[in-house]
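Here the structure comes first, spelled out in structure tokens, and everything after it is commentary.
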Amino acid sequence: MAELQLDARRRIELRGRRFPRPAATRVITVANQKGGVGKTTTTVNLAAALAQAGLNVLVLDNDPQGNASTALGIDHRAGTPSIYEVLVDGAPIEEAVQESPDVPNLWCLPATIDLSGAEIELVSMVARETRLRNALDRYLEWRAAQGLEPIDYVFVDCPPSLGLLTVNAFVVAREVLIPIQCEYYALEGLSQLLKSIQLIQAHLNPDLHVSTILLTMYDARTNLAQQVAEEVRTHFPDRTLRTTVPRSVRISEAPSYGQTVMTYDAGSSGALAYLEAAREIAERGAATSDGTADGTDGVASAAVAADAVSHATEARPHADQHESTAEADSAVHQQTYGEPVMAAHQEDQ
């Protein structure tokens, strides 16, 4: 019942709402070297939500899997002009970018299978870490020269690794958005990711900072999800969005239709959660129009906090063992008598 009330409130508050434009283009890399935490899903759905709210958004699909291109309905078969040509051959972005067929004002620079070999080819190239940043700067200048509306948001989707593709994504960006799955394993690599960002900040991109943390695949019915969310909010209070993205069948189904959940089922709990998260990001950007960064000390302290989160969450399940066992026994008892029909109903939502 609480979830239904929350969804109803979000529908009323967010329907047809226009989000504020940032003072300058915000370039946000969505990164986490842990796979399966919702990087691509977060990238495409936040981008679609912001575009639906009247903003101009560009997605750079920097993952050889090309899943972001698939979700946006963008052609990325072998031979299609893509981010590979931009990185390796120095092709201009405007020759490869495509507009999403489902969402106006949303463009994507697709990834093809060729990108899987780009890391090896980039090793011997001059200025290999800054190739994507230089290409994006030229593209934004080209749009201005053509009299086109400026891009408000650029989202960069990353592979689940810390290779040269991810380094390029960190160098092109000013901000990092970290999606964190509400499970323990997703926290283990957080401190290493923040230390990597600290190195990039020190040597390649001093403007880089972690601006946003989004909790994904949140299931309020489990103790672990609540514990992870509590620990992350305790150690990263200013960076963590109030909105959490729930586990949702609709979010998982949407890419198989070449869509984001924003167009596949705009009234679902997952779509409403991403729309509210996009509003938070837009309002934060409008409030800090100068794009103030955390600084090296800020990222370093975040890395220390990430270690604390990981250790705290590792310790807490032992303290809650008896409570969890009791809840599990209760759940088994309920299932035996066929009571928890609501759980299946919520999954369908």
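Where a number appears in this text, it was derived from the coordinates with a stated rule and is not lab data. Because the structure is a prediction, the values reported are computed rather than measured. With ideal geometry, Cβ positions are generated from the backbone for all residues, glycine too; neighbour counts draw on all protein chains shown.
Worth a mention:
- Nonlocal amide H pairs with Val156, under 5 Å, H built at 1.01 Å: Ile28, Thr29, Val30, Leu60
- Nitroxide proxy distance, nm - points 7 Å out along Cα→Cβ at Arg77 and Asp89: 1.8
- 3J(HN,Hα) along the range 17-25, derived from phi through the Karplus expression 6.51 cos²θ - 1.76 cosθ + 1.60 where θ = phi - 60°, amounts to 7, 9, 8, x, 7, x, 5, 9, 4 Hz, with x in place of Gly and Pro.
- Ratio of Rg to Rh over the range 223-286 (Cα coordinates, Kirkwood Rh, two decimals): 1.05
- For the range 78-107 versus the range 247-272, the inter-centroid distance based on Cα atoms is 24 Å.
- Seen through its C-alpha gyration tensor, with square-root eigenvalues sorted a ≥ b ≥ c, the range 94-201 comes out prolate because a/c lies at 1.5 or above while a/b is bigger than b/c.
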